[in-house]
Amino acid sequence: MLCKSFAAYTQPFVTMMGPLAFYFHPNSNCNMTTVEATTKYIFVTGGVTSSLGKGIISASLAKLLQARGYTATIQKLDPYINIDPGTLNPYEHGECYVTEDGAETDLDLGHYERFLNVPTSQANNVTTGRIYLSVINKERRGDYLGETVQVIPHITDEIKHSIKLLGENNQFDFVITEIGGTVGDIESLPYVEAIRQLRWELGIRCVVIHLTLVPYLAAAKELKTKPTQHSVKTMQEYGVQPDILVCRTERPLNDGIRNKIAQFCNVSPAAVIESIDTDSIYKVPVLMREEKLDLQVLKKTRMSANCMPELHAWELFLDRLQNPLSTVKIALVGKYVELMDAYKSIIESLIHAGTSNVCKVDLKMIHSEQVNEGNVSKILAGTSGVIVAPGFGERGFEGKIAAIKYARTEKIPFLGICLGMQCATIEFARNVLGMKDAHSTEMVPSTPHPIIDIMEEQKKVNLKGGTMRLGAYECKLKNDTRAYNIYSKQFISERHRHRFEFNNKYLELFENKGMIASGINPGSNLVEIVELTDHPWFVGVQFHPEYKSTVASPHPLFVDFVKAVMDFDNHKQGL
Ligand code: GLN
């Protein structure tokens, strides 16, 4: 029986014996037995429509497997031609998530990390562009000398290689691969074909989970199974019979519906899983446990299911999430606010931080283009905390400056992230240091006061894709600063995504007037954190703390920020 404790997660006690491994676990619930130690591959495809929640189902399944003591990782295969989403407008693809190793990736990787509390990397996100690039490079190198390079087998082999790479050396019990897009799209075809081939190669080490929609027709007062039938038929035409169907629905599926889907789609009724709409993504693992999705996967891969999923901490989190003792209003000022996905990780970080403070964060999205000095007090009235979002370019810049000035002068807790931090230093230069034309050379290259300037190593960069300062860098915190008190340690590591930096020529002037650099990159001297000494809570960070907040480990900056917002609120109410 495989049942590794969470602590033993990174160091399983495994004795290899041919293809079998013995796993020992101190938990008396779990009898010691043997299991096949090879990695199992779970594919998650989607049919009928997009936005059915493949990412959340994948993350929830991985969470349940992890909660049973298994190791799991999740991979997203995106069928677009961009090498990565780094060059995509957030309107196109939502947030660009950044991993420790500096990969610019799909936002679903953020969900994987938030659910599993395990870092992902470039290998967890592959696009069609990346697959083709690799194949074309091999062709130029002469790897296929004499052959005609084709979608099958060359592209499909490359896809299979990317999938199997994560399972190399059996470092994970399960590799869950989510295929982006919807089955039937031209772009998805090579991926479905790769799954078909892998089923032959891997046999019972492979499971295909297909997500579909079971719509409710109000006029007929009925749930309809036909879209699911058609979607499964499309899969079958490509030679893939799904093993498990996860059916997204707004109404519960009764036995009649489950049996009907099972009968028409060649699966057992137990493999028809209901995925009902819910108000929080964090409830999905619990719902999937009730539906026995994990059990179905274990059964089909002949893995032991002796250990029950241990979700105690998760349920505690849910309990706090659903029973907050207070509510605070926080404004998120940015230019993509009509699109919730653009700031996904910030929004989720605030949920984690709120829950950690047993407080509900009521987030007010503020469009920075609509803010100016004249209306800012009205727009921000009633909010007890202000976040200025990351971003690029001129649009909405002055609105961010106006919001920061208001937060600074009204002593409202403020957190500036990346561009938000850069704006905070520019606002300070303009309104405290008297440099009226202070700016960033990103927006105004000819500014007389380049408070924010292009990084030296970026000056020679011409290519746009993957060339920013990306991924994890170290930061040294100054003693006796807010930053130090929040992190309670001297050295931290945070993820980055930027080309511009604070201009150290101005640092002394800033520090003399009360804006200090409390975090610095020890190697390059790059300013990573600024804070105001005469403000209850005013912090700007050049990095992105939102990429590292998880359910199991809410980010300390967000936790402390929400606490400061609660204090501000209490003070306002005279409590
Ligand atoms: N545009 C700024 C830079 O490149 C900030 C980037 C960001 O907010 N992620 O430095």
**Asked** Quick one: if the Förster radius is 45 Å, what FRET efficiency do residue 81 and residue 377 give, using the C-beta to C-beta distance and rounding to 0.05?
**Response** 0.45
**Request:** With just the Cα atoms of the stretch 101-245, tell me how far they stretch along each of the three principal axes, in Å, largest first.
**Result:** 61, 39, 29
**Message:** Tell me the angle of helix 255-265 to the major Cα principal axis of the chain, expressed in degrees between 0 and 90 and rounded to the nearest ten.
**Reply:** 70 degrees
**Asked** Rule-of-thumb check for the stretch 438-546: C-alpha Rg over 2.2 N^0.38 Å?
**Response** 1.09
**Fill in**
Among the stretch 133-162, those whose backbone N falls under 20 Å of a label point 7 Å along Cα→Cβ from residue 200 are 148-162
**Fill in**
Shape call for the stretch 295-355, from the Cα gyration tensor axes a ≥ b ≥ c (a/c under 1.5 means rounded, otherwise prolate when a/b beats b/c, else oblate), comes out oblate
**Equivalent ellipsoid semi-axes, the stretch 500-575, via Cα gyration tensor eigenvalues times 5, rooted, Å** = 26, 20, 7
**Request:** Grab the Cα-Cα distance for residue 571 and residue 394, subtract it from 0.36 nm times how many residues apart they are, and report the gain in nm with one decimal.
**Result:** 60.1 nm
**Item:** Helix 156-167 vs. the chain, principal-axis angle (Cα, 0 to 90°, nearest 10)
**Value:** 70 degrees
**Request:** Could you tell me what % of all Cα pairs in the stretch 52-143 have separations over 19 Å?
**Result:** 45 percent
**Message:** Working only with C-alpha atoms, what are the Rg and Dmax values of the chain, expressed in angstrom?
**Reply:** 25.4, 80
**Complete:** Hull volume per residue for the stretch 221-293, using the convex hull of the C-alpha atoms, in Å³ is 92 Å³
**Request:** Please work out how much length the chain gains when fully extended from residue 316 to residue 340, using 0.36 nm per residue of separation minus the C-alpha to C-alpha distance, in nm with one decimal.
**Result:** 6.0 nm
**Asked** Based on the alpha-carbon gyration tensor of the stretch 161-202 and its eigenvalue square roots a ≥ b ≥ c, which shape applies: rounded if a/c is under 1.5, prolate if not and a/b is larger than b/c, or oblate?
**Response** prolate
**Prompt:** If we count every other residue with Cβ under 14 angstrom of residue 274's Cβ, Lys/Arg +1 and Asp/Glu -1, where does the sum land?
**Reply:** +2
**Request:** Treat each spin label as a single point 7 Å out from the Cα along the C-beta direction, and report the residue 262 to residue 480 distance in nm.
**Result:** 7.0 nm
**Request:** Nearest 5 is fine: what % of DSSP beta bridges in the chain come out antiparallel, could you say?
**Result:** 40 percent
**Asked** What whole-number value in Å² describes the accessible area per residue of the chain for a 1.4 Å probe?
**Response** 42 Å²
**Complete:** A 1.4 Å probe over the protein heavy atoms gives the stretch 360-459 a carbon and sulfur accessible-area percentage of 50 percent
**Request:** Evaluate E = 1/(1 + (r/R0)^6) for residue 326 and residue 552, where r is the Cβ-Cβ distance and R0 equals 22 Å; express this FRET efficiency to the nearest 0.05.
**Result:** 0.40
**Prompt:** What FRET efficiency, computed as 1/(1 + (r/R0)^6) with R0 = 22 Å and r the Cβ-Cβ distance, is obtained for residue 369 and residue 444, rounded to the nearest 0.05?
**Reply:** 0.80
**Request:** Keeping all protein chains in position, work out how much accessible area residue 563 exposes to a 1.4 Å probe, and write it in Å² to the nearest 10.
**Result:** 100 Å²
**Item:** For the chain, calculated [θ]222 nm from helices alone, where every DSSP H run of n ≥ 4 adds -39500 (n - 2.57)
**Value:** -10000 deg cm²/dmol
**Message:** Considering only protein heavy atoms and a probe of 1.4 Å, how much of the accessible area of the stretch 158-307 is carbon and sulfur, as a whole percent?
**Reply:** 51 percent
**Fill in**
For residue 145 and residue 221, extending 7 Å from Cα along the Cα-Cβ vector and measuring point to point gives, in nm, a value of 7.4 nm
**Item:** Pairwise centroid distance, computed over Cα atoms, of the stretch 259-302 with the stretch 213-247, Å
**Value:** 14 Å
**Distance in nm between pseudo-label sites at residue 168 and residue 117 (7 Å out along the Cβ direction from Cα)** = 2.9 nm
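The values are calculated or read from the model by the stated rules, or taken from the named source; none is laboratory data. Only a predicted model underlies this, so the values are computations on that prediction, with no experimental measurement involved. Neighbour counts are summed over all protein chains in view; Cβ atoms, including those assigned to glycine, are modelled from backbone coordinates with ideal geometry. With ligands, DNA and RNA removed, areas are computed over all heavy atoms of the protein, side chains included. Shrake-Rupley method; radii C 1.70, N 1.55, O 1.52, S 1.80 Å.
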